[in-house]
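Heads up: the structure comes next, in structure tokens.
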Amino acid sequence: MTFTFGIYPGGLLGDDTGVLAPVSPDDPASITEALRELQGGAGEFLVRAYRSYGDPAHAPERPERYAVEGRKLDLVLQYRDRSGETAGWLDFVRSTVRTEGHRLALLQICEEPNLDLPPVDGSIPNVRRALVEGVVAAKEEALACGHDRLAVGFNAVPSFDPADTFWSGLGELVDERFHRALDYVGLDFFPDVFRPVPPGGLTDAVRAVVAGFRQGSLPRAGIGPAVPVRICENGWPTGPGRGEARQAEVVDEVVRAVAGLAAELNVTGYTFFALRDADSAGAGLFHHFGLVRDDYSRKPAFRTYRDLVAELTDRADPADCAEPTGRADPADRAEPADRAG
């Protein structure tokens, strides 16, 4: 099993009401310097980027410039089409694979489709069908183009609502084509951010959320234990009442807890959100998620994450660090419960 790390390097992000722009434009030279330092000697390091259907812009802008020196893109395609149609969406998915597949390690179809908030896809009609058809289309195009190591998946957030029907509804839509196409499922979660975790309880909270996702949520859609889980977005903001030294402690504890679940729960990677603060002087929680301040000066957690990557990343040849393209054997499918706390 391989375990790889990554980061979202932009300043633009979404909060619970919409898009939050950084106080200053991204600086590509500073981003590249930071990525090199975080990657260190790791054979592969992932750069997370976002693109929305019908919108040529990326976050960060021109992410391909960072997909060099052993780094590849972890690209998210957001559905965002309130008409609910999928024909144009599937063309967009296939075109992305054809034009950018050579620089992609991961292609995530839809962004947080089980979360009904404006910046993400859970608020968009027909998102589950767009997800299922998009995963199949992406994998078929990847194989047709010879991108055998491009891993196709989707992500979700934890749901603590027992009445949540996302996973069972997804299970009603999927078929063997989907299961054969699915290379991984991503989990976005932010322990001790939106719901406080009692002192000393962070490692247990991480285990509970990841195990609940693996053993409670995924089986409801027929997704078995052979399909890897990746932590696609995780972070802990600084700011008023949230010290930078504590951020470094949280990063160390959470990353070690996730890596410690790799073998038991088939967790194959971790991506930090995000590199830079949107606004280090801002009053809001979402302004301060960065490992660096908005001027790219380092917080203590930057060094912590760099050292964790050096210690815990696999030292395999980069060609061996991609997600496996084999999906779960039908016998491993489960028979027909998590916004992070």
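None of the figures in this text is laboratory data; all of them are computed from the coordinates on show. Computed from a predicted model, the values in this text were never measured in an experiment. A quick note on method: Cβ atoms are made from the backbone with ideal geometry, for glycine too, and the neighbour counts reach across all protein chains shown.
Remark: region 202-212, residue by residue, has Karplus-estimated 3J(HN,Hα) of 5, 4, 5, 5, 4, 4, 5, 5, 5, 5, x Hz, where x stands for each Gly or Pro and the curve is 6.51 cos²θ - 1.76 cosθ + 1.60 at θ = phi - 60°. Close amide H pairs (under 5 Å, H built 1.01 Å from N) link Leu13 with Leu20, residues at least 5 positions away or on another chain. Note that region 161-174 has calculated 3J(HN,Hα) couplings of 9, x, 8, 5, 9, 4, 5, 5, x, 5, x, 6, 9, 7 Hz, one per residue in order, obtained from phi through the Karplus relation 6.51 cos²θ - 1.76 cosθ + 1.60 (θ = phi - 60°); glycine and proline are x. Normalised by the number of residues in region 35-149, the mean separation of alpha-carbon contacts (under 8 Å, six or more apart) gives a relative contact order of 24 percent. Multiplying each eigenvalue of the alpha-carbon gyration tensor of region 1-101 by 5 and taking the square root yields semi-axes of 26, 18, 12 Å, largest first, rounded to whole angstroms. Cα centroid separation, region 245-300 to region 1-17: 9 Å.
Ranked by how many other Cβ atoms sit within 10 Å of their own Cβ, fewest first, the residues Asp116, Asp161 fall in the order Asp161, Asp116. Couplings 3J(HN,Hα) for region 107-117, derived from phi with the Karplus relation 6.51 cos²θ - 1.76 cosθ + 1.60 (θ = phi - 60°), are 10, 9, 9, 6, 10, 6, x, 9, 10, 8, 9 Hz, where x marks Gly and Pro.
Identify which of the listed values of Rg/Rh (Cα atoms, Kirkwood Rh) was calculated from the structure shown: (i) 0.93; (ii) 0.99; (iii) 0.96. Checked against the structure: label (i).
Taking amide hydrogens as placed 1.01 Å from N in the peptide plane, the amide H of Val292 sits under 5 Å from those of Arg276, Asp277, Lys299, each at least 5 positions away in sequence or on another chain.
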